Amino acid sequence: MTAPTTNDLASRLQGLWLPLITPFRNGELDEASLRRLVRHYAAGPIDGFILAATSGEGMSLRADELERLVTLTRSELSGSGRHLPILLGLSGASTAKMKDALDETAAWPIDGYLIASPYYIRPSQRGLLQHFTELADHASWPIVLYNIPYRTGVSLSNETLLQLAAHPNIVGIKDCSADRAQSIDLLARRPAGFRVLTGEDAEYHDALADGADGAILLSAHLETEAFASMRTLLGQGDRDGARACWKELSRLTRLLFAEPSPAPAKHWLARSGLIDSAEVRLPMVQVSEELAALLDEEIERRRPPLLRRA
């Protein structure tokens, strides 16, 4: 396979991307369910996959599982006839160890990396700038930044982001700043070709209306066509239609984040038969009985009338 150029990924970093959950069964990677998931979503309006990020429980995966996850996903995509881009989620608090991870994954069949800020140690903006610059200089594949301060404990400022956006090997950002004013400012000041995708499911409509290039949404595991349609409606200038679509979808996003993600989504996917088990890995736990009942009720409500239980 010919490696894509940075510009190839930048041009494809838009639309609706799926941070794929990682299915487990009896403590192991569930390869059959993984293949089923990839086939299902490759047949729909998904523009790319993120593997082993937050939604994929990447920090719970062993190195061999991580490589197997990538290999199986690429194999299944090749069989589907669609060459959807794959970003591999990486995270860590040590620049040196992150560079080792970039070396270890350089030959894998991916198209780029999604890399979060170093967690827990809360470096300065100068430290973040040097950290990501060293990684971008070192990486064999393009990098998409991941700004999610409520998980990492530190936020990339727009001044730092704009400096990083000038790096030829940094092509975009998954924006989970949870600060709409900051996001709007970034959209107004970003350089040409630097892509901004929201990662805040609850802010999907507003982010697209503000000018984001797309989204990376856990919620798009469900009602995928509706999430894609909402972006199409906005692109066509049908704001009323998009708002009506979002009113229905926003109920779903609230349920899927009522308890730590991705447990609610895994419950739904298991009930729907796309994966064989809702299993997560500790310290994640499966949904409570109370939320399970609410999810089951919503699954039934959204089921086509002819398939509903009598």
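Might you check whether a residue that is of a type in the set (Val, Ile, Thr) and open to solvent by 60 Å² or more (accessible area, probe 1.4 Å) occurs anywhere in segment 172-184?
Initial filter on segment 172-184 (of a type in the set (Val, Ile, Thr)): 173, 184.
With the extra rule that they be open to solvent by 60 Å² or more (accessible area, probe 1.4 Å), the set shrinks to 184.
Among the residues of segment 172-184, at least one is of a type in the set (Val, Ile, Thr) and open to solvent by 60 Å² or more (accessible area, probe 1.4 Å), which makes the answer yes.
Taken over segment 30-68, the criterion of being open to solvent by 70 Å² or more (accessible area, probe 1.4 Å) and in a helix (DSSP H, G or I) is satisfied by 35, 39, 40, 59, 63, 64, 67, 68.
In the condition set (1) open to solvent by 10 Å² or more (accessible area, probe 1.4 Å); (2) touching a helix residue (DSSP H, G or I) at 6+ places or on another chain (Cβ under 7 Å), residue 289 is compliant with all but (2). Among all residues of segment 215-224, there is at least one that is surrounded by fewer than 20 Cβ atoms within 10 Å (Cβ to Cβ) and in a helix (DSSP H, G or I). The one condition from (1) closer than 24 Å to residue 44 by Cα; (2) outside any helix (DSSP H, G or I); (3) more than 20 Å from the chain's Cα centre (by Cα) that residue 173 does not meet is (3). Kindly indicate the residue of segment 225-244 that is out of contact with any helix residue (DSSP H, G or I) (no Cβ under 8 Å at 6 or more places or on another chain) and without any contact (Cβ under 8 Å) to a residue 60 or more places away in the chain and also most open to solvent (accessible area, probe 1.4 Å) among those meeting that condition. Taking the candidates together, the pick is 236. Filtered by the rule that a residue be part of a loop (DSSP other than H, G, I, E, B) and free of Cβ contacts under 8 Å to residues at least 12 places away in the same chain, segment 245-281 gives a lone residue, 273.
The values are calculated or read from the model by the stated rules, or taken from the named source; none is laboratory data. These figures come from a predicted structure and were not determined experimentally. FYI the Cβ positions are ideal-geometry reconstructions off the backbone, even for glycines, and counts take in every protein chain you see. Side chains included, ligands, DNA and RNA excluded: accessible areas come from the protein's heavy atoms. Shrake-Rupley method; radii C 1.70, N 1.55, O 1.52, S 1.80 Å.
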